[in-house]
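The values are calculated or read from the model by the stated rules, or taken from the named source; none is laboratory data. Remember, it's a predicted structure, so these values are computed and weren't measured experimentally. Neighbour counts are summed over all protein chains in view; Cβ atoms, including those assigned to glycine, are modelled from backbone coordinates with ideal geometry. Accessible surface areas use protein heavy atoms only, side chains included; no ligands, DNA or RNA. Shrake-Rupley method; radii C 1.70, N 1.55, O 1.52, S 1.80 Å.
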Amino acid sequence: MQLTDEEKRMLQGEEGLVRQKCMEQLVDLCDVAGADRLVDLDGTGDFTHAAMMSQGRYGFPLEELKALADSGAKFKIPTYSNKVPLPQVPFHGWEKCGIPQHEDPEYNKKLREEEYMSVYRQMGLFTSCTCANYLISSFWPTVGQHCSWTESSAVPYCNAVLGGRTNLDGSFASCFLGKAPYYGMHVTENRYATIVVKSERTLRTEMEWDIFGFAVGELSKLEVPALVGMADATTSKTVKINAALNTGGSIPMYHIPGVTPEAQTLELALNGKQPKETYVIGEKELRDAYDKVNYLPSEDIDFVSLGCPHYNLVDLMRVAHLLEGKKCKVRLWIMTTPWMYDLAKSQGFLKIFDDAGATLLTGTCPAAMGMPDGIKSVAMDSVKQSYYITGRYSSPEDPLHVCYGTKEDCVEAAITGKWRGEWR
Ligand code: F3S
């Protein structure tokens, strides 16, 4: 393994215990990933900041971190936080979320303002607390910048949508030292498409992109797919497909020729080579994927959850327009980022949600914080959330009915308590 003199000094503990542990972690990761060196990061990073940082082989006692922060140490790259660790608490909307534990002000405050958070903030962490940090444009790298991100639905946003370079390895160590193992998506040759996945018909809607992403994830294994047959790209659709690809499978990078920045054509996506395989996804495969994320659908709905990944401002506007002047019959949660909350408020969306009886929550999601007691059937507009919720909360003894559909299907379900979604 090639280390610079500075990296060797850190590894030997000459720059203090924290830097030593960080280097140990990165070197171990190189070992596992087969990387023979580290790359200096010039983009952005994020990680799950937490008291959990005090645990395990690479953890630091809080006192150690405090001393580091007091000495003036800062993160080497602009660093943002993912959500707070389990048990996750909402930053906004907790007062009326319907879960007694989370509605307790003391409990909420204690976890929201845990000491680690202020120490990290002193070191420069942006405490954005979201799985969708890319909603803050200053998080964006430009093409070719090396990053270290930690959220599976965000990693393809960096690689495929923005042309930045990251593996799923954002950590305190990588962001603090500004270094990451040089392998995977940092290396140009690994970024080209190796397989082609075509849709039999042109896919245009958000739900089609979401479902297609899930089906592609299931068949792609560790390949980089070039996706053909998709039209009318928007930010909301690319966000959906990123999350879906990493629900059906594990896909840090993909190309949509003519849309994503590293592949204006299919030939460029493949670097002029032949694909290892070409798959065609037709109506049957889409329908199968749709059925998989509609786990035991039911006509009656008693909870609706929107905002996975956390909603952007346009998503919030669309839901506000659907809810304006209406009343929800069943509980509706809408998830977004703490920073987006203020925009939603100033745009008047928050009032519309409040008037309709919906709750705008930030900083967490049902897959992480749980749902109110007694929920038997839930509706959502995200393949990822549907899959996670089914896996986490449904059991043969106590099955949960999970309905997946469009935003419109879900808002209608919140207003009527009935599910009318269908594959379109
Ligand atoms: Fe974010 Fe939770 Fe979905 S972490 S991507 S809202 S499952």
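Sorting LYS276, LYS66, LYS198 by accessible area puts them as LYS276, LYS198, LYS66; the probe is 1.4 Å, largest comes first, and only protein heavy atoms count.
Overall, the accessible surface of region 324-376 at a probe of 1.4 angstrom is composed of carbon and sulfur to the extent of 49 percent. Were the residues from THR265 through SER71 laid out at 0.36 nm apart, the gain over their Cα-Cα distance would be 64.8 nm. Placing +1 on the Cβ of every Lys and Arg and -1 on the Cβ of every Asp and Glu, with no other charges, gives region 1-125 a dipole of roughly 240 debye about its Cα centre. Summary of packing: across the peptides 180-186, 108-114, the per-residue average of other C-beta atoms within 10 Å ranks them, highest first, as 180-186, 108-114. The packing ranking, built from the mean of other Cβ atoms within 10 Å per residue, places the peptides 4-15, 164-175 in the order 164-175, 4-15, highest first.
Between GLU397 and ALA33, the simple spin-label model (points 7 angstrom out along Cα→Cβ) gives 4.1 nm.
Placing unit charges on the Cβ atoms of the charged side chains and taking the dipole of the chain about its Cα centre, the candidate lying farthest along the positive direction among CYS22, GLY184, MET317 is MET317.
Solvent-accessible area assigned to carbon and sulfur over region 218-279 amounts to 52 percent, based on a 1.4 Å probe. Taking Cα centre as origin and charging only the Cβ of basic (Lys, Arg, +1) and acidic (Asp, Glu, -1) residues, the dipole magnitude of the chain rounds to 520 debye.
Computed from the C-alpha gyration tensor, the three semi-axes of the ellipsoid equivalent to region 312-398 are 25, 15, 11 Å, from longest to shortest.
The sum of -39500 (n - 2.57) across all DSSP H runs of n ≥ 4, divided by the residue count of the chain, sets its helix-only mean residue ellipticity at 222 nm to -10500 deg cm²/dmol. Taking all protein chains as shown and a probe of 1.4 angstrom, SER346 keeps an accessible surface of around 90 Å². Two numbers describe the Cα atoms of the chain: Rg and Dmax, which are 21.9, 66 Å.
Counting protein heavy atoms only, region 86-191 has 54 percent of its accessible area on carbon and sulfur, 1.4 angstrom probe. Stretching the chain fully between ASP42 and ASP300 yields a gain of 87.8 nm (0.36 nm per residue, less the alpha carbon separation). Placing unit charges on the Cβ atoms of the charged side chains and taking the dipole of region 125-284 about its Cα centre, the candidate lying farthest along the positive direction among ALA231, THR194, ILE256 is THR194.
Residue farthest toward the positive end of the dipole of region 199-350, with Cβ of Lys/Arg at +1 and Asp/Glu at -1: which of VAL216, ILE301, TRP333? About the Cα centre, the residue reaching furthest to the positive side is TRP333. Using a probe of 1.4 angstrom and keeping all protein chains present, the accessible surface of the chain works out to 41 square angstrom per residue. Within the chain, DSSP assigns beta bridges of which about 15% are antiparallel (rounded to the nearest 5).
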